[in-house]
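A quick write-up on the structure given underneath.
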Amino acid sequence: MPVLERYIFGLTAKAFVASLIILTAVIWTTQALRELDVVTAQGQTIWIFLLITGLTIPSLSVILAPIALFGAAVWSLNRLNADSELVVMSGAGVGPGRLLRPLMTLTLMVSIVVGLMSVWAIPESLRALRFQLTQVRADVVANILREGQFTPIEEGLVVHVRERRGGALLGIFVQDTRDAPQEVTYLAERGQIVEEQGSTFLVLENGSVQRREAPDKDPAIVVFQRYAFDLSPFTGLSEVTSYKPRERYTSELVTPDVNDATYKAQPGRFRAELHERFVNPLYPVAFMLIAFAAIGRPRTTRQTRAYGVLGAIAAMAALRIAGLGATNLLVATPYAAFAVYGLPIGAGAAALWLAFGRRPRSPAPPVSSPLAAPAGA
């Protein structure tokens, strides 16, 4: 790039990176607050918390990157005009096309990154997030057998562990009332978690089982030296993973399995997700062209640019909302694909026409009257 274009590119790129980091940090913080129970209630480490919340960043970035690019373009163009640099460039013969070139170079870079994240990074991160959440729920020792607490595993099943000493569990109490009116109570001096052939067992040692068939009957007590209580139904590992359309690979959306139960239940979701991934890279281009069309021309300090900025923000917001509406409509009808792609393409084309096709009218030269007296008369 020439020096002038490098200057505009660097100014806008720095503003874009700063805007993207700030927006992502703010939204990520609000999302992270929802996952605090991973640390506080489920006994996980801060690293697991950061990993789980960090895996949502690609999904946030795809939405926030076009907005950050739009904000960076508006800020840089406003700064160039406020410092009278646009006026000087225009007076030196720099046309709108040369001014737009570095901005579009940055926009194309952002669009490529957004496209890669939409097609590849987002499904990978969401699958990894699903795996981590499954591991957290399956962590029986940390999530279910917490020391000194009566922990309800499900309706009618309560577990209490007096003390955890290394890998051993001391003072175990399990009450099972799921098959009412039958009530089963397990008491054991010690126990441990055993993983065997994909199943999880709580092995109790030196204890007893008390079975009460009805409230008015005495319990039957059986003393044991070793007893295995199956915890596999509560770990979630034995369940077959059924990925949502947003978690599917792009190849799975292009050629879905017609026998897949999820696809049979909601084929429109697969179609909408596929087109949304393909259309996401068009929004940075449309937003940049809207910003340039609104405030890309030089103006004097007496000419306000507030209306142009507000109009650009309104057009950007309307385009994004309309795009989301068209994507939701695509779930019900495949013909909405024309609107999904037509909205950003049409908005970009209209912005280009406003920026280059419409020229400000120059004032007409004064018309001299044939009756006017010649100069010097």
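The values are calculated or read from the model by the stated rules, or taken from the named source; none is laboratory data. Just so it is clear, the model here is predicted, and its values are computed rather than measured. Please note: Cβ atoms are built from the backbone with ideal geometry, for glycine as well, and neighbour counts cover all protein chains shown. Areas reflect the complete protein model, heavy atoms only, side chains present, ligands, DNA and RNA absent. Shrake-Rupley method; radii C 1.70, N 1.55, O 1.52, S 1.80 Å.
Observations on the structure shown:
- Computed over the alpha carbons of segment 43-152, Rg followed by Dmax gives 23.7, 78 Å.
- Between V26 and A228, the FRET efficiency from the beta-carbon distance, with R0 = 45 Å, is close to 0.35.
- Scaled against the 2.2 N^0.38 Å expected of a compact globular protein of N residues, the Cα radius of gyration of segment 293-340 reads 1.71.
- Most fluctuating residue given options F131, F356, F70, as computed from a GNM of the chain linking Cα atoms under 10 Å: F356
- Only protein heavy atoms count here; on that basis, with a 1.4 Å probe, W353 has an accessible area of about 150 Å².
- Taken over segment 1-103, the convex hull of the Cα atoms encloses 106 Å³ per residue.
- For V110, solvent-accessible area (1.4 Å; no DNA, RNA or ligand), Å²: 10 Å²
- √(5λ) per eigenvalue of the Cα gyration tensor, segment 250-314, largest first, Å: 45, 11, 4
- Nearby lysines by direct alpha-carbon distance to K264 (threshold 18 angstrom, same-chain neighbours under 8 apart not counted): K244
- If you bin all the Cα-Cα distances of the chain at 10 Å, starting from zero, the percentages per bin are 4, 17, 20, 16, 14, 11, 8, 5, 3, 1, 1, 1, 0, 0.
- Ligands, DNA and RNA excluded, the heavy atoms of T53 present near 0 Å² of accessible surface to a 1.4 Å solvent probe.
- Stretching the chain fully between Q210 and E154 yields a gain of 18.2 nm (0.36 nm per residue, less the alpha carbon separation).
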